[in-house]
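Participant: I have a structure here, written as structure tokens, and I will follow up with some questions on it.
The values are calculated or read from the model by the stated rules, or taken from the named source; none is laboratory data. Because the structure is predicted, anything quoted here is derived from the model rather than measured. Please note: Cβ atoms are built from the backbone with ideal geometry, for glycine as well, and neighbour counts cover all protein chains shown. Accessible surface is based on the protein model in full, side chains and every heavy atom, while ligands, DNA and RNA are left aside. Shrake-Rupley method; radii C 1.70, N 1.55, O 1.52, S 1.80 Å.
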Amino acid sequence: MPDQTPRPDKTPPLDQAPSTESEELLRMASVAAHQLKSPLARVQQMLSTVLGGFVGPLNTQQRGLLERAAKSCGQGIEMVSDMVRIRSLGEIEADQLGPVDLLSVFRGALERGAEVAREAGVSLESELALRRSEAWVRADAVALAEVVHELLGNALKYTPQSGQVRARLSWAATAPDAASPPADARAVPTSHTGFYLLEIIDTGIGIPAADYARIFEEFYRAPNAKQINREGSGLGLSFVLRVARRLGGTLHLEPAQSGGVHATLAVPAAEPSDWAAVQPAPRYSQRVVIIGGVVAGAKAAAKMARLDPHIHITVVERGRFLAYAGCGLPFYISGAVPNQQALKSTPLGASRDLTLFHNLHNTQTLDATEALSVDPQARRVYVRNLIDGEEASLPYDHLLLACGATPRIPNIPGVDLPGVFTLQGVKDAEAIRAAMKQQSIKEVVIVGAGLLGVEITEALVLRGARITLVEAQTQILGIVSESLAAQVHRHLSANGVKLLTGVSVCAIEGVGHAQEVRLSDGRRLNCDYVILAAGVRPNSDLAQAAGLTCSPTGGIVVDTRMRTSDPFIYAAGDCVANHHRLREGEAFYPMGSTALKQGRVAAINICGGDERFEGVLGSIALKVFGLTIARTGLSRAQATLAGFDAVSVIVSGPDQEHYLPTARPILLNLIADRPSQRLLGAQAVGLGEVTRRIDVVAVAISAGMTLEAFTQLDLPYAPPLAQGVDVVLSAGYVLRNKIEGRFPGMRASKVKADHTALILDVRAPDEYELRKIPGSVHIPLGALRGRLDELPRQRPIVLVCSIGLRGYEAALILAEHGFTQVSVLDGGLAAWPYALEEI
């Protein structure tokens, strides 16, 4: 009998029964290869080579062949998906197609293509030749997006490094002649008013003249495309053509003057009147205009659409990006977020663009459109298209102002020089990210060491920059106490950030570009770039011009229903003056989380509901170089200004049981009102899990808890998650003891300022030798009772240990023996923010 064992250069007959598992794999691969032609035809040969003589572990050659086989299988699966997509498109009926904004699709493709172009070293340019901010067509949104992506992707794929791809979207009365088969008989019927033309022109390898006749055949690839070793299935242009014909349009390919390809996709324009025959004219319950479509505005639009399907919503957005995650911009700059699209996607991956808002939320969105003024008497908003300058007015029954905030620009010379940035939105983040790629080492000066200034340092360091952080105040991060801010200061310095506090920037200088920063103390800092992070202000200019009541600091005044002084106008997000739950007066905390809640409340009330936003606590968190900083409620200074008899304590402890190697330290500052023991606020820093503890305090403050009720909270416990008495509850116990006179704590700043006090360290000898406060005296806790005669009774004594517990025990011993001027360093040595003597 002939030998039937498969050889590397032979394929077993397809009808032959397999005698081994290896032969079964080969037979299945052969069947796939016969059905799909390419690229699975290579799978059989690869598997034969590996399996034909397989014994023992895979060698390098076998492993490489298997990896190539898996890659080819993946290409085959992708090809099958393409085939299914092409066939399924032909089954879509006309009434399944809806309005799609081709301009939004075009911009989305450009954003995705920009990343590919940068990596490939190809210049990608775009041009808009439209007289309006929308380009509506009747289509399937997913299919149309893939068509544009396919055309642009082909151009980028076949254009060599240093080449150019140009994308242009325009309108024309007629479509160019198509070098393709006749139109689809089932094409969308439309009484269109011209065509939108999408042109992609590249300087790539082009298409040989003889191959234009076959370029739309399925699986066909031009010989020069195969030669340059670019992956492809030969299905893309076939798919694009099928979609174009199905939509009543055309696809035209011709040689570009530059030597590449000039592709023109023509799709019939479809104004709202064109699909009115398919969809009955809507009856609107009310007309709502929203100015601002990033956070609060986008949330409100989505909520209103869910509450009332008959509402007519128009979103006016000055920028071109909707509902993006602005708080994620530093992570996009650092590269942790790989592309812009991730910031504009839902958790399920859908892009938050004009098409999504129209199709999912039945919302009309005017991007690249500026709101010029509001006429409350006529209930109209006047707008201008920033592309063509065309102006229009929008009537409303209710108006929602979600205008956000504007960066504070210091009034100093040079802020308008190239190389000086703010971080307002995606455009700014893209500019900073591009700048960081231009040099291997950059000197960057950040003006302002508040929330944004501190948070962005890590992103820039990860991009290879050397950072100097300049802050006019004497401490960084004014959102936390001096002691905690000093811990952050030390941590940033340890990670290579240079900090200058108590000094301001007088000017930014340079010839044609920022080159030097001049400081108020006469120093000059060389720089390649400057980032202005001096805070933001409410963007309330429209509201003030319309006569709405605004606070002294510019925030729009609203009630708990988010209604302004005009009953038909609401406001939400960073442009409003927030009410603080614990004190009188305005509280400006521009947070995305607050904007989302306010947008939801405004939407419910606009739709006839009765929802309340009770105010903010100023809950904030950030993370830099692994250190988490968080706060909620009032600081001790804020509480005192608000009329409370505020008392605070700093406690240090691990976020897990101390005996676990994964335990990380937390430093927590808890604040309460002395007479009532009502909890007022908390701040924390640490390498451990900080935000969970601040979350607990935020809930307790909202519930009006006293320290007694707070310390009785039944929090979950497990050694890898918390201590038996969690550090946040331990802080509550210590603060109660301090208020009730059982714990004489003293803040580090007071200890340092009191030059009469004796600092007594009660830690073990080996601990004391490693690091200590300069000038301190050492008596271990275990030896204290026997050495009391060494201590002065008429002099203040401050007891120091690692976290405060042994200091408290020592204070009890001294009090027992008649010492009256005894204090314990709050938080122990872990909370000491000043210099130490260290080995």
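Participant: Among (1) in contact (Cβ under 8 Å) with a residue 60 or more places away in the chain; (2) crowded, with 20+ Cβ neighbours inside 10 Å; (3) closer than 23 Å to residue 395 by Cα, which single condition is residue 595 missing?
Facilitator: Against the list (1) in contact (Cβ under 8 Å) with a residue 60 or more places away in the chain; (2) crowded, with 20+ Cβ neighbours inside 10 Å; (3) closer than 23 Å to residue 395 by Cα, residue 595 comes up short only on (3).
Participant: Follow-up. Limited to the range 786-807, what total is found for residues that are under 16 Å from residue 746 (Cα atoms) and open to solvent by less than 50 Å² (accessible area, probe 1.4 Å)?
Facilitator: The qualifying residues number 9.
Participant: Looking at 477, 469, 460 in this structure, which one is open to solvent by less than 50 Å² (accessible area, probe 1.4 Å) and at positive phi?
Facilitator: 477
Participant: Further question: Which numbered condition trips up residue 482, out of (1) at pLDDT 90 or above; (2) open to solvent by 60 Å² or more (accessible area, probe 1.4 Å)?
Facilitator: (1)
Participant: Can you name the condition, by its number, that residue 493 falls short on among (1) open to solvent by 40 Å² or more (accessible area, probe 1.4 Å); (2) touching a strand residue (DSSP E or B) at 6+ places or on another chain (Cβ under 8 Å); (3) in contact (Cβ under 8 Å) with a residue 12 or more places away in the chain?
Facilitator: (3)
Participant: Among the candidates 774, 792, single out the residue that is more than 53 Å from the chain's Cα centre (by Cα), of a type outside the set (D, E, K, R), under 18 Å from residue 757 (Cβ atoms) and part of a loop (DSSP other than H, G, I, E, B).
Facilitator: Result: 792 is the single residue among 774, 792 that is more than 53 Å from the chain's Cα centre (by Cα), of a type outside the set (D, E, K, R), under 18 Å from residue 757 (Cβ atoms) and part of a loop (DSSP other than H, G, I, E, B).
Participant: Is it true that residue 618 is in a loop (DSSP other than H, G, I, E, B) and over 27 Å from the mean Cα position of the chain (by Cα)?
Facilitator: In short, no.
Participant: Check 695, 655 and return the single one that is of a type in the set (Asp, Glu), touching a strand residue (DSSP E or B) at 6+ places or on another chain (Cβ under 7 Å) and open to solvent by 10 Å² or more (accessible area, probe 1.4 Å).
Facilitator: 655
Participant: If you scan the range 95-133, which residues turn out to be acidic (Asp, Glu) and within 18 Å of residue 247 (Cα to Cα)?
Facilitator: Within the range 95-133, 95, 101 meet the criteria.
Participant: Filter the range 565-585 for residues that are open to solvent by 40 Å² or more (accessible area, probe 1.4 Å), out of contact with any Gly (no Cβ under 6 Å at 6 or more places or on another chain) and either without any contact (Cβ under 8 Å) to a residue 40 or more places away in the chain or assigned to a helix (DSSP H, G or I) (or both) and give the result.
Facilitator: Within the range 565-585, 565, 567, 585 qualify.
Participant: Another question, if that's okay. Residues that are under 21 Å from residue 478 (Cβ atoms), within 32 Å of the chain's Cα centre (by Cα) and modelled with pLDDT of 95 or more: list the helices (runs of 4 or more DSSP H) wholly contained in the range 630-741 that include at least 3 such residues.
Facilitator: The helices (runs of 4 or more DSSP H) meeting that bar are 691-702.
Participant: Here is a follow-up. Restrict the check to the range 711-727 and report whether at least one residue is among the polar types (S, T, N, Q) and open to solvent by less than 30 Å² (accessible area, probe 1.4 Å).
Facilitator: yes
Participant: Sticking with this structure for a sec: Kindly indicate which of 218, 254 is at pLDDT below 75 and either touching a His at 6+ places or on another chain (Cβ under 8 Å) or open to solvent by 20 Å² or more (accessible area, probe 1.4 Å) (or both).
Facilitator: 218
Participant: What strands (runs of 3 or more DSSP E), lying completely within the range 389-443, carry at least 2 residues that are over 30 Å from residue 511 (Cβ atoms)?
Facilitator: Qualifying strands (runs of 3 or more DSSP E): 391-395, 398-401.
Participant: Can you confirm whether residue 601 is closer than 22 Å to residue 692 by Cα and open to solvent by less than 40 Å² (accessible area, probe 1.4 Å)?
Facilitator: Taking the combined requirement at face value, the residue does not satisfy it.
Participant: Look through 505, 511, 530, 517 and report the one residue that is touching a Pro at 6+ places or on another chain (Cβ under 8 Å) and either open to solvent by less than 70 Å² (accessible area, probe 1.4 Å) or of a type in the set (A, V, I, L, M, F, W, C) (or both).
Facilitator: None of the other options fit; the residue is 505.
Participant: Cβ-Cβ under 6 Å, sequence separation 6+ or interchain: first residue in the range 294-319 and polar (S, T, N, Q), partner not in a loop (DSSP other than H, G, I, E, B). Which pairs?
Facilitator: Going by the 6 Å Cβ cut-off, the qualifying pairs are 314/289; 314/364; 314/394.
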